[in-house]
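Novice: Have a look at this one before I ask anything.
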Amino acid sequence: MTATPIRVLLVDDDPLVRSGLRYMLEASPDLLVVADIGSGEEAVPAIHAHRPDVVLLDYRMGELDGISTTREIRRLDPSPKVVLLTTWDLDDLPLKAVQAGANGFLLKTAGPDEITRAVRDAAAGHAPFSPQSAQHVVTHVRNGDTGGRREQAARLVATLSEREREICVRLADGATTVMVATELHLAESTIKTHLRSAEAKLGVGSRAQLAVLVERAGLLD
């Protein structure tokens, strides 16, 4: 039985970029581009119409840029995963993407394998980031944060049960839900139930936001 392909929506104001991304993604039989649109304003209606699993979203567009569009998408329930694409890795932009609710952040210079892998990872609930972007996020959390934010993160983490905290730490450290289920000898559905409960207590909406908060609380030291 053939697995259902991952449904992808492309959002970019450059039609040539959209065409290239479509060609790149649809070379993989497990990926299906359900639509491509040219502005952030079209994103929410397109999501309602096509029900994508993952949105590949350009950062630099018209009045509604990638960060603002991500916030609009994250208000949907359920909402698709969002991977932000940009030509430049600008300072705190990766962190802003995480704070807006993006599941991943990649440079447009990434190779086809990296982009297709990012779509699959996002669909599976992971947080795909370019190495440069990930370093910006980690550096900010470790060195650029105020003590108040660290204390707030610690207080939030303290509301978790021991099992929830254990699962969050493992996931923030890069493990998948399947890996955690195997390590803890639990069903993957049980891991996901604990994860949903933890995300509600922490007030986060994506795996990337979860990782930032766990790191900020000092649990990955």
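The values are calculated or read from the model by the stated rules, or taken from the named source; none is laboratory data. These numbers were taken from a predicted model, which means no experiment stands behind them. A quick note on method: Cβ atoms are made from the backbone with ideal geometry, for glycine too, and the neighbour counts reach across all protein chains shown. The area values use the complete protein model at the heavy-atom level, side chains included, leaving out ligands, DNA and RNA. Shrake-Rupley method; radii C 1.70, N 1.55, O 1.52, S 1.80 Å.
Novice: At least 1 residues that are at pLDDT 85 or above and out of contact with any His (no Cβ under 7 Å at 6 or more places or on another chain) in each: list the helices (runs of 4 or more DSSP H) lying fully within the stretch 22-113 that qualify.
Specialist: 43-50, 66-74
Novice: Hey, another quick one. For T87, which of the numbered conditions (1) touching a Phe, Trp or Tyr at 6+ places or on another chain (Cβ under 9 Å); (2) surrounded by 15 or more Cβ atoms within 10 Å (Cβ to Cβ) fails to hold?
Specialist: It is condition (2) that T87 fails.
Novice: Filter the stretch 193-214 for residues that are under 16 Å from the mean Cα position of the chain (by Cα) and of a type in the set (D, E, K, R); which is farthest from R149 (Cα to Cα)?
Specialist: R196
Novice: Please list, ordered by first then second residue, the pairs with beta carbon atoms under 8 Å, 6 or more apart or interchain, first in the stretch 170-193 and under 14 Å from H126 (Cβ atoms) and free of Cβ contacts under 8 Å to residues at least 24 places away in the same chain, second among the acidic types (D, E) and open to solvent by 60 Å² or more (accessible area, probe 1.4 Å).
Specialist: Listed by first residue and then by second, the contacts come to R170/E183; A175/E183; V178/E188.
Novice: Only one of (1) under 19 Å from S79 (Cβ atoms); (2) buried (at least 21 other Cβ atoms within 10 Å of the Cβ); (3) among the small types (G, A, S) fails for G203. Which number is that?
Specialist: (2)
Novice: Could you list, in sequence order, the residues of the stretch 194-213 that are touching a residue at least 24 places away in the same chain (Cβ under 8 Å) and closer than 17 Å to P94 by Cβ?
Specialist: Matches in the stretch 194-213: G205, S206, R207, A208, Q209, L210, A211, V212, L213.
Novice: When only residues in the stretch 114-160 that are among the polar types (S, T, N, Q) and under 27 Å from A27 (Cα atoms) count, which is modelled with the highest pLDDT?
Specialist: Here the answer is T116.
Novice: Next question. I'd like to verify a number: residues in the stretch 162-199 that are surrounded by fewer than 17 Cβ atoms within 10 Å (Cβ to Cβ) and more than 19 Å from L220 (Cα to Cα), how many?
Specialist: So the answer is 12.
Novice: Which of the residues spanning the stretch 1-31 are under 19 Å from the mean Cα position of the chain (by Cα) and aliphatic (A, V, I, L, M)?
Specialist: Once the filter is applied, which keeps residues that are under 19 Å from the mean Cα position of the chain (by Cα) and aliphatic (A, V, I, L, M), the stretch 1-31 yields I6, V8, L9, L10, V11, L21, L25, L31.
Novice: Continuing with the same structure: Enumerate the pairs (first residue in the stretch 60-79 and closer than 17 Å to F105 by Cα; second residue anywhere and open to solvent by 40 Å² or more (accessible area, probe 1.4 Å) and part of a helix (DSSP H, G or I)) with beta-carbon separation below 8 Å, excluding pairs fewer than 6 apart on the same chain, so at least 6 apart or on different chains.
Specialist: Short answer, once both residue conditions are applied: I67/K96.
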